[in-house]
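**Student:** Got a structure for you, written out below as structure tokens; questions coming shortly.
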Ligand SMILES: C[S@@+](CC[C@H](N)C(=O)[O-])C[C@H]1O[C@@H](n2cnc3c(N)ncnc32)[C@H](O)[C@@H]1O
């Protein structure tokens, strides 16, 4: 169901939206290039073939939800097709994250929220040299994800069937991540807690992706709070998700809401349109 807050949030995003022609930072340009990059689609096809298979899979699994209650799936018994349709990131987002993992030569990636393993498989294929850790609390989803990793020979993934908090509290002090994808338990309280607990594992230039940053008014609060953290250098809002870059500040932080040029064709950069 579409709520009034969804429409307001989309409208505000559109008004704030800037295109690639408004970017002046080389780092932000790299990020937007990863978003616009169209790779040879053949490399993603084996993953997308499994997504199509799952979209037709009417098998029912018992789902234990450790996160925020879904706005669409309300029962514990869920079909694989339903989970794939509602919970799994779309191809464009998965491709973008995989492109980031490759472009920024990420060595170590953490994903909170594996679900069926589709986004994880993209990260794995995008950068086979990265070590990927992915965490899932629901045992049935965890089992399906591991079956997918085996089918695709994703050997650079370590998956854990644990609550996020338990995994994070067991992390060795020296462990650091180049990319962190927080895609589960979408409440502001939980998101901020996981983020704070992970901060000591971020390093200069760590990219943190917050999924569903406009999912609810409560998640808007989390997103605004995270953007204003003293070590967030850049925030880029893609509406479905937001991206933060962590590091030591040498200048004021920059926030950018990205929309494709086709959505605001008059922002073609012929004039200085910075506002
Ligand atoms: C949106 S889905 C992840 C989708 C996946 N990243 C993708 O794009 O394909 C979120 C997952 O996080 C898991 N989850 C939510 N809260 C959790 C928690 N506190 N601990 C462990 N897993 C949790 C849910 O079981 C769910 O499968």
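Bear in mind that the values in this text are calculations on the coordinates, not laboratory data. As the structure is a prediction and not an experimental result, all values here were calculated from the model. Note that we place each Cβ from the backbone using ideal geometry, even for glycine, and neighbour counts take in every protein chain shown.
**Student:** Per-residue ellipticity at 222 nm for the chain, helices alone: DSSP H runs ≥ 4 residues times -39500 (n - 2.57), over residue total, nearest 500 deg cm²/dmol?
**Tutor:** Calculated at 222 nm, the ellipticity per residue is -11500 deg cm²/dmol.
**Student:** Quote the FRET efficiency, to the nearest 0.05, computed for residue 239 versus residue 49 with a Förster distance R0 of 35 Å and r equal to the Cβ-Cβ distance.
**Tutor:** 0.80
**Student:** Would you order 18, 85 from fewest to most other beta-carbon atoms within 10 Å of each residue's own beta-carbon? Kindly include the intermediate steps, with their values, before the conclusion.
**Tutor:** On the way: 18 21, 85 14.
Ordered by Cβ neighbours within 10 Å, fewest first: 85, 18.
**Student:** While we're here: Counting other beta carbons within 10 Å of each Cβ, put 75, 191, 84, 250 in order, fewest first. Walk me through the numbers before you get to the answer.
**Tutor:** On the way: 75 10, 191 26, 84 21, 250 6.
So the residues, fewest neighbours to most, are 250, 75, 84, 191.
**Student:** Something else: Thinking of the chain as a set of Cα atoms, what percent of all their pairs are more than 26 Å apart? Can you show the working numbers first?
**Tutor:** Numbers: 15671 of 37675 pairs.
Across the chain, Cα pairs with separations above 26 Å total 42 percent.
**Student:** Hey, another quick one. Quick check on the exposure proxy: order 181, 13, 238 from fewest to most C-beta atoms within 10 angstrom. Intermediate results must be reported in sequence, preceding the final value.
**Tutor:** Numbers: 181 28, 13 16, 238 21.
Arranged by neighbour count, lowest to highest, 181, 13, 238 become 13, 238, 181.
**Student:** How far apart, in nanometres, would the label points at residue 85 and residue 169 be if each is projected 7 angstrom from Cα along the Cα-to-Cβ direction?
**Tutor:** With each label placed 7 Å out from Cα toward Cβ, I get 3.8 nm.
**Student:** Which distance in nm do the two modelled labels at residue 40 and residue 225 give, with both placed 7 Å along the Cα-to-Cβ direction?
**Tutor:** Label at residue 40, label at residue 225, 4.5 nm between them.
**Student:** Using 0.36 nm per residue, how much length does the chain from residue 65 to residue 203 gain when fully extended, once their Cα-Cα distance is taken away? Show your work: numbers first, answer last.
**Tutor:** Working: separation 138, 0.36 × 138 = 49.68 nm, distance 3.08 nm.
The residue 65-residue 203 span can extend by a further 46.6 nm.
**Student:** Given labels modelled 7 Å from the Cα in the Cβ direction, how far is it in nm from residue 15 to residue 249?
**Tutor:** Each label point lies 7 Å from its Cα, and together they span 2.6 nm.
**Student:** Rounded to whole Å, give me the distance from the Cα center of segment 138-158 to that of segment 161-200.
**Tutor:** 20 Å
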